[in-house]
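The values are calculated or read from the model by the stated rules, or taken from the named source; none is laboratory data. This one's a predicted model, so the numbers in the text were calculated from it and none came from an experiment. Ideal geometry is used to build each Cβ from the backbone, glycine not excepted, and the neighbour counts take in all protein chains shown.
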Ligand SMILES: Nc1ncnc2c1ncn2[C@@H]1O[C@H](COP(=O)(O)OP(=O)(O)O)[C@@H](O)[C@H]1O
Ligand SMILES: [Mg+2]
């Protein structure tokens with residue numbers, strides 16, 4: 001808390017300086033794309049792959065201490081690589097007179113994505129959802145495609161899932177916070193966009209059996225009668241992107257926000273948590289206690305979410321079916337990205353891991369089709 005207060009003083013509205021914003025290159029994504037209603041997440045994955053390919057010809061070097069000091073207006077003690085994946089490098093920057101700043105560098109990304117993350121962090125902070133915080137934004141380093149934001153101590157819900165009972169209250173708060181966010185950002189309540197989702201799923205790089213095609217058709221027919229909330233979708237509202245600390249949540253990774261069906265974010269959290277449950281079951285087959293805790297946290301998430309609404313959209317018989325459909329769409333997004341990664345060889349992540357992930361996604365797909373079949377009336 002103290003650090004937050006100090007940092008607010010030290011870097012007042014650092015990002016509003018036109019000097020930094022104006023030096024960004026033209027975006028390759030039209031500025032309006034983020035505001036259009038978007039149900040085409042598989043098509044979005046293809047667009048992202050294209051954007052990443054174009055950023056490969058525009059590699060970005062790590063920042064120098066001098067650049068960090070100039071952007072922050074503070075002496076920097078050191079800058080360590082804190083986390084790394086094929087998309088980002090995350091640095092922990094220690095300031096000379098105490099305190100830390102987090103530097104997020106988009107390795108496979110564009111200037112437009114950088115600006116988008118910065119704008120969304122500010123927009124979300126302005127909503128002032130109780131107990132849902134976002135890191136303060138301090139500065140942008142466009143030349144390094146880097147965001148400098150508050151370093152949030154604490155553990156992500158993902159890490160709590162493996163280690164702590166706190167995952168239960170954290171998930172309950174994640175459910176409540178998501179509901180509050182959606183209430184603040186509902187633009188309309190209308191029919192489920194089944195045709196658009198159908199067209200999007202048709203682009204998935206998978207093969208469906210006759211039975212799976214039938215299940216999908218019946219699901220879409222059934223859901224055509226469903227009413228859903230629409231508005232801002234955060235896209236990646238998942239345990240790895242939420243830090244739980246002192247009974248507050250910090251939403252870290254506000255990447256590809258757009259407008260769509262709110263249930264996407266609900267399905268995203270659920271599907272991610274379910275995957276953690278599967279991983280825990282595989283890696284720790286004898287740890288029944290941990291599995292029970294994670295199952296409880298899934299229930300807590302659901303309860304936290306529902307207590308905030310007086311009416312569900314859609315109503316219960318269709319709710320679970322709609323959530324499963326979005327989970328399936330999310331799996332299709334992963335398959336799309338994974339196939340592109342495999343095709344890229346070593347450029348996008350570990351090639352062996354990329355290859356091994358594909359059969360797992362196929363298993364998940366089959367499992368989700370069985371779940372859809374279960375939800376359909378006989
Ligand atoms: N502001 C922050 N404070 C502390 N840790 C952070 C912060 N932002 C990100 N992290 C850590 O770095 C990880 C990756 O950052 P994230 O923004 O989620 O990028 P990615 O797009 O690679 O998932 C997070 O899961 C979290 O552990
Ligand atoms: Mg993340």
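Spot the failing condition for residue 173; the list is (1) under 30 Å from residue 61 (Cβ atoms); (2) in contact with a strand residue (DSSP E or B) (Cβ under 7 Å, 6 or more places away or on another chain), and only one is missed.
(1)
Test residue 166 against the criterion of being crowded, with 16+ Cβ neighbours inside 10 Å and without any contact (Cβ under 8 Å) to a residue 40 or more places away in the chain, and give yes or no.
Values: crowded, with 16+ Cβ neighbours inside 10 Å: yes; without any contact (Cβ under 8 Å) to a residue 40 or more places away in the chain: no.
It is false that residue 166 is crowded, with 16+ Cβ neighbours inside 10 Å and without any contact (Cβ under 8 Å) to a residue 40 or more places away in the chain.
With the condition being more than 10 Å from ligand 1 (Cβ to nearest atom), I'd like the strands (runs of 3 or more DSSP E) fully within the range 79-150 carrying at least 3 qualifying residues. First the steps, then the outcome.
Working: elements: 88-95, 100-106, 137-141, 146-150.
Result: 88-95, 137-141.
Got at least one residue in the range 268-275 being crowded, with 18+ Cβ neighbours inside 10 Å, more than 23 Å from residue 188 (Cβ to Cβ) and more than 16 Å from ligand 2 (Cβ to nearest atom)?
Looking through the range 268-275, at least one residue is crowded, with 18+ Cβ neighbours inside 10 Å, more than 23 Å from residue 188 (Cβ to Cβ) and more than 16 Å from ligand 2 (Cβ to nearest atom).
Does residue 255 qualify as being away from ligand 2 (no atom under 15 Å from the Cβ) and either at pLDDT below 95 or surrounded by fewer than 23 Cβ atoms within 10 Å (Cβ to Cβ) (or both)?
The answer is no for residue 255.
If only one of 226, 240 is in the same structural domain as residue 361 (by TED's automatic domain parsing) and within 14 Å of ligand 1 (Cβ to nearest atom), which one is it?
Numbers: 226 fails: within 14 Å of ligand 1 (Cβ to nearest atom).
Testing whether each residue is in the same structural domain as residue 361 (by TED's automatic domain parsing) and within 14 Å of ligand 1 (Cβ to nearest atom) leaves just 240.
Need the failing condition index for residue 378 against (1) farther than 26 Å from residue 42 by Cα; (2) in a helix (DSSP H, G or I); (3) free of Cβ contacts under 8 Å to residues at least 40 places away in the same chain, just the number.
(2)
List the number of the failed condition for residue 270; all other conditions in (1) in contact (Cβ under 8 Å) with a residue 60 or more places away in the chain; (2) under 13 Å from the mean Cα position of the chain (by Cα) hold.
Checking residue 270 against (1) in contact (Cβ under 8 Å) with a residue 60 or more places away in the chain; (2) under 13 Å from the mean Cα position of the chain (by Cα), the one that fails is (1).
In the range 243-259, what residues are closer than 25 Å to residue 161 by Cα and more than 16 Å from ligand 1 (Cβ to nearest atom)?
247 - this is the single residue of the range 243-259 that is closer than 25 Å to residue 161 by Cα and more than 16 Å from ligand 1 (Cβ to nearest atom).
Scan (1) at pLDDT below 95; (2) farther than 21 Å from residue 202 by Cβ; (3) surrounded by 14 or more Cβ atoms within 10 Å (Cβ to Cβ) for the single condition residue 340 breaks and write down its number.
(2)
Answer yes or no as to whether residue 244 is at pLDDT below 95 and within 16 Å of ligand 2 (Cβ to nearest atom). Full working, then the answer.
Details: at pLDDT below 95: no; within 16 Å of ligand 2 (Cβ to nearest atom): yes.
Spelling it out, it is not the case that residue 244 is at pLDDT below 95 and within 16 Å of ligand 2 (Cβ to nearest atom).
Residue 300: part of a helix (DSSP H, G or I) and within 16 Å of ligand 1 (Cβ to nearest atom), yes or no? Break it down into steps so the answer makes sense when it comes.
Values: part of a helix (DSSP H, G or I): yes; within 16 Å of ligand 1 (Cβ to nearest atom): no.
No.
Does residue 68 fit the bill of being more than 30 Å from residue 46 (Cβ to Cβ), without any contact (Cβ under 8 Å) to a residue 60 or more places away in the chain, in the same structural domain as residue 140 (by TED's automatic domain parsing) and crowded, with 18+ Cβ neighbours inside 10 Å? Steps first, answer last, please.
Working: more than 30 Å from residue 46 (Cβ to Cβ): yes; without any contact (Cβ under 8 Å) to a residue 60 or more places away in the chain: no; in the same structural domain as residue 140 (by TED's automatic domain parsing): yes; crowded, with 18+ Cβ neighbours inside 10 Å: yes.
So residue 68 does not fit the description; no.
Each row is one residue, and each column tells you yes or no for (1) part of a loop (DSSP other than H, G, I, E, B); (2) at pLDDT 95 or above.
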site	(1), (2)
264	no, yes
286	yes, yes
317	no, no
345	yes, no
349	yes, no
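Among (1) without any contact (Cβ under 8 Å) to a residue 12 or more places away in the chain; (2) closer than 20 Å to residue 177 by Cα; (3) within 16 Å of ligand 2 (Cβ to nearest atom), which single condition is residue 83 missing?
That leaves (2) as the condition not met.
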